[in-house]
Amino acid sequence: MTRRRQSDDLAAKVRFLSDPQAYPIAPKHVEARETHMSWVFLTDERVYKLKKPVKRTFLDFSTVARRKFFCEEELRLNRRLAPETYLQAVPLYRSSSGTFSLASGGRIVDWLVEMRRLPQADMLDERIPDGRVGRGDVERIARLLAGFYACREPERACAGAYLRHLVEEHRLNRSILARSDPALAEMAAGPLDAVERLLARLRPEIFERIAADVVVEGHGDLRPEHVCLSHPPQIIDCLEFNRAMRIIDPYDEVNYLGMESEMLGAPWIRPMLSAALGKRHGYYPSADLLALYGAFRALLRARLCIVHLMEKPVRHPEKWRPLAVRYIEQAEHELSSRSPEDRKSTRRREGV
């Protein structure tokens with residue numbers, strides 16, 4: 001199928017799924033939201049996700065069979081942390097006359113993930129700015145995550161992919177941030193250099209953690225907008241499309257959630273998450289390694305902001321550059337958060 005035909009076909013599916021009459025029990029309203037790789041349709045009580053027919057170096061949704069497979073993977077993986085949210089994969093049919101239907105009949109032309117709709121007001125990224133997060137809320141999330149990582153099998157055999165992922169993604173961070181406007185590129189240069197030095201110096205520690213069976217298959221995109229403070233809490237939207245991106249040090253993952261929470265105004269969440277993980281697992285990383293993890297993730301988020309600005313057309317153009325600046329500033333903060341003794345030790349080892 002040509003790209004133009006794929007685009008027209010996707011547009012027709014989006015129009016159909018945006019109509020309340022498309023659904024077996026018609027909702028009062030359907031809100032369609034476009035993301036980087038999907039269209040999401042929010043009804044009164046359900047959410048339906050349609051994957052775009054795209055192929056990238058890190059994912060392949062280019063055929064109906066591949067989209068079905070990854071819908072099923074999304075269900076399987078997300079049920080680990082959100083078993084009450086992820087319901088089923090739903091086929092989308094098309095009749096010989098070209099009419100779409102979610103009821104049986106015709107040829108299956110796509111697949112959707114059906115989810116229960118979570119209350120937006122209970123998402124962590126909504127609760128933090130409103131001051132509606134307490135220690136009990138974070139303790140519930142911390143226990144859920146600590147238990148989750150404890151149940152994961154160690155990934156020693158393929159955990160080398162974790163270090164390769166850090167190195168390759170850092171290379172992409174540098175490449176794309178260097179292509180942004182001169183002021184932003186200059187701002188990012190120092191943190192990028194510091195992360196590169198830390199990656200080189202801390203390779204032995206990362207390998208030690210792999211050998212100690214610390215690295216597991218985690219969530220892959222653990223951010224406040226994916227955490228619902230319901231009872232029980234639900235953590236959604238893991239990276240289903242690329243397993244290598246889910247192979248991770250749990251401290252890297254909870255540090256990422258803590259960093260994003262700090263950027264929203266709740267710096268106290270990060271130490272609570274880390275302490276709960278340490279109590280269950282031990283194997284604390286060094287302060288330098290935590291600084292590397294935080295700065296790397298912040299620069300990765302800055303890079304993704306710039307990628308959004310490269311899209312045609314750009315969605316929400318006013319949003320991305322200021323957000324990229326905030327993430328670069330956060331990377332600087334992560335690198336400066338090490339103790340003076342840590343930084344002096346780093347400079348001595350790097351010959352600075």
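Read-outs: derived from the displayed coordinates by stated rules, not from any lab. Being a predicted model, the structure only gives us computed values, none of them experimental. When we count neighbours, we look across all protein chains shown, and the Cβ atoms used for this are built from the backbone with ideal geometry, even at glycine.
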Exercise for the section: Mind sorting D110, D181, D9 by how few other Cβ atoms lie within 10 Å of their own Cβ, fewest first? Expected result: D181, D9, D110
Handout entry: Helix-derived mean residue ellipticity, 222 nm - over the chain, DSSP H n ≥ 4, -39500 (n - 2.57), to 500
Key = -16500 deg cm²/dmol
Exercise for the section: Name the residue farthest towards the positive end of the dipole of the chain from the options H226, T35, A295, assuming +1 on Cβ of Lys and Arg, -1 on Cβ of Asp and Glu, about the Cα centre. Expected result: T35
Fill in the blank from the handout: Expected sort for I108, I210, I248 with the fewest Cβ neighbours (10 Å cutoff) up front is I108, I210, I248
Problem - Relative contact order (%) - criterion: Cα under 8 Å, at least six apart; region: the chain - result: 15
Completion exercise
Scoring only Lys, Arg, Asp and Glu (+1, +1, -1, -1) among other residues with Cβ under 14 Å from the Cβ of E84 yields +2
Exercise for the section: State the answer as a single residue: which of A65, A11, G98 lies farthest towards the positive end of the charge dipole of region 3-117, with beta carbon charges of +1 for Lys and Arg and -1 for Asp and Glu, about the Cα centre. Expected result: A65
Completion exercise
chymotrypsin sites (Phe, Trp or Tyr not before Pro) in region 1-86 lying in a DSSP loop, each with at most 16 other Cβ atoms within 10 Å of its Cβ, come to F58
Handout entry: Burial ordering of H333, H36, fewest other beta-carbon atoms within 10 Å first
Key = H36, H333
Completion exercise
Rounded to 0.05, the calculated FRET efficiency for the beta carbons of S18 and R80 at R₀ = 30 Å is 0.45
Handout entry: Rounded to the nearest 20 debye, dipole of the chain from Cβ charges on Lys, Arg, Asp, Glu
Key = 780
Exercise for the section: At a temperature of 20 °C and a viscosity of 1.002 mPa s, determine how fast region 3-117 diffuses translationally according to Stokes-Einstein, using the Kirkwood radius over alpha-carbon pairs as Rh; express D in µm²/s, rounded to the nearest whole number. Expected result: 148
Problem - Virtual spin-label span in nm between L144 and R56, 7 Å along Cα→Cβ - result: 2.5
Handout entry: Extension gain, R280 back to E318 (0.36 nm per residue minus Cα-Cα distance, nm)
Key = 9.4 nm
Practice task
Check cross-link reach from K28 to the lysines: straight Cα distance under 23 Å, and skip same-chain residues fewer than eight apart.
Solution key: K13, K49
Handout entry: Listed candidates (i) 1.05; (ii) 1.10; (iii) 1.28 - label of the one calculated as Cα Rg over 2.2 N^0.38 Å
Key = (i)
